[in-house]
Amino acid sequence: MNARLRLEKLRQTVDVRCTGARPGGFRFIDLFAGIGGFRIPFEGIGRQCVFTAERDRFCRETYSANFPEPANSEHIFAEDMRPWADAPEKIPAHEVLLAGFPCQPFSIAGVSKKNALGRPHGFLCDTQGTLFYDLARIIDHHQPPAFLLENVKNLERHDGGKTFATIIHVLENELGYRVFHRVISSTPWVPQKRERIFIVGFRDHGIGFDFDQLAVPEGDGPKLGSILDRKVDPKYTLTENMWTYLQGYREKHRKAGNGFGFALFDPNDVARTLSARYCKDGSEILIAQKGNRPRRLTPRECARLMGFEKPGQTDWKIPVSDTQGYRQFGNAVVVPVVKAIAQLMQPRIIEAMNGREVPQTVQVPLPLPEPGIAAE
Ligand SMILES: C[S@@+](CC[C@H](N)C(=O)[O-])C[C@H]1O[C@@H](n2cnc3c(N)ncnc32)[C@H](O)[C@@H]1O
């Protein structure tokens, strides 16, 4: 290695040690971040997360425990993202925007009225008051070369398809992006049926992104046995009362001719979707136990069910109560699904960044202190 290369390597090492920044690659922001399901895979392929927004304090606790920032980090950890959408110039420059945004209805009636009045309508009118509107304002200001958004599968059918049509219209026609979307089931990666819609956008319309090229593992996919612990604290076994109640509830609905009620699984099965309400009674995914009442999954098993850690490992930090832990995993993305999308996006992101200068040392403007904005 010659002296210049050695010096460059040393500079890069210092960069990573001091600021958490990886040399080359892209900077990204993590909106509606939850516990960071997007950040894990994008940290693997990008350079640095420069901005995170998450309102829930328990999610923030888990996120900070798993993504500690060095003392001199330029990363900003915001709470409510809405004040930042009012002043998007305070969000650091970035090449990729990530967001699993909450779904809210848009006032289409308002749009028709504005049309009738002959007034121009755009996302400023159509989506005002929604979190998508705030997201759109940030994209509009920063024009990142690429973004990845995620939502529930039902987004496509929400309000008779109008919500989705508005979102795509805004991204394509008003923000000027080329947009691709695909509903992806997590079953090839984890033993859980969880279908989510992913929306990818590139500012450069020449980018040849193709969701059909996604590297989906072949075969039947893993079964629950691969994520279950052998020895589990008896506190996760349903109480006599709860088990009696759940059986009665299911019987009542069976007689009424519908299939509501608990679902029992064994190690050879694939679980239903883990929901944020799992903490209530765990009835959507109960694990059968020989000679005993069924049990819930532990939060650690949920971490594996969502792909936050591999079977047999316990490296994901869960600093919160079981109730909060279940809520956080039930709201999260399946990490290996996002990893596959990130890997498909990576060369296209680099292509899309061509022509855009990306400084080696990230200069992040410090935001002015404002009520409602917490910066690290
Ligand atoms: C569907 S979850 C995202 C989960 C995330 N993708 C993950 O893997 O953990 C949506 C998140 O948006 C957060 N949120 C909702 N409104 C917000 C706002 N105005 N500002 C910041 N975060 C918000 C919620 O607290 C929730 O954690």
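Readers should treat all values here as calculations from the given coordinates under stated rules, not as data from a laboratory. On a predicted model such as this, the values are computed, not experimentally measured, just so you know. A quick note on method: Cβ atoms are made from the backbone with ideal geometry, for glycine too, and the neighbour counts reach across all protein chains shown.
When all alpha carbon pairs of the stretch 224-330 are counted in 10 Å bins from zero, the resulting P(r) reads 14, 46, 31, 7, 1 %. The share of alpha-carbon pairs in the stretch 36-107 lying farther apart than 13 Å comes to 71%. Under the convention that each Lys and Arg Cβ holds +1 and each Asp and Glu Cβ holds -1, the size of the dipole of the stretch 224-330 around its Cα centre is about 200 debye.
For the stretch 252-303, the equivalent ellipsoid derived from the Cα gyration tensor has semi-axes of 20, 14, 10 Å, listed largest first.
What is the sum of charges around ASP233, taking Lys and Arg as +1, Asp and Glu as -1, for the other residues whose C-beta is under 15 Å from the C-beta of ASP233? Result for the local shell: +4.
Annotation: the stretch 130-196 has a Kirkwood hydrodynamic radius of 13.3 angstrom, from the mean reciprocal C-alpha pair distance. For the peptides 33-40, 52-59, residues were scored by their other Cβ atoms within 10 Å and the scores averaged per peptide; the highest-first order is 33-40, 52-59. Which residues does a label at ASP229 reach in the stretch 319-345, if reach means a backbone N under 19 Å from a point 7 Å past the Cα toward the Cβ? What the label zone holds, given the 19 Å backbone N cut-off, is 319-330. With a ≥ b ≥ c taken as the square roots of the eigenvalues of the C-alpha gyration tensor of the stretch 158-221, please select rounded if a/c is under 1.5 and otherwise prolate if a/b is larger than b/c or oblate if it is not? Cα axes put the stretch 158-221 in the oblate bin.
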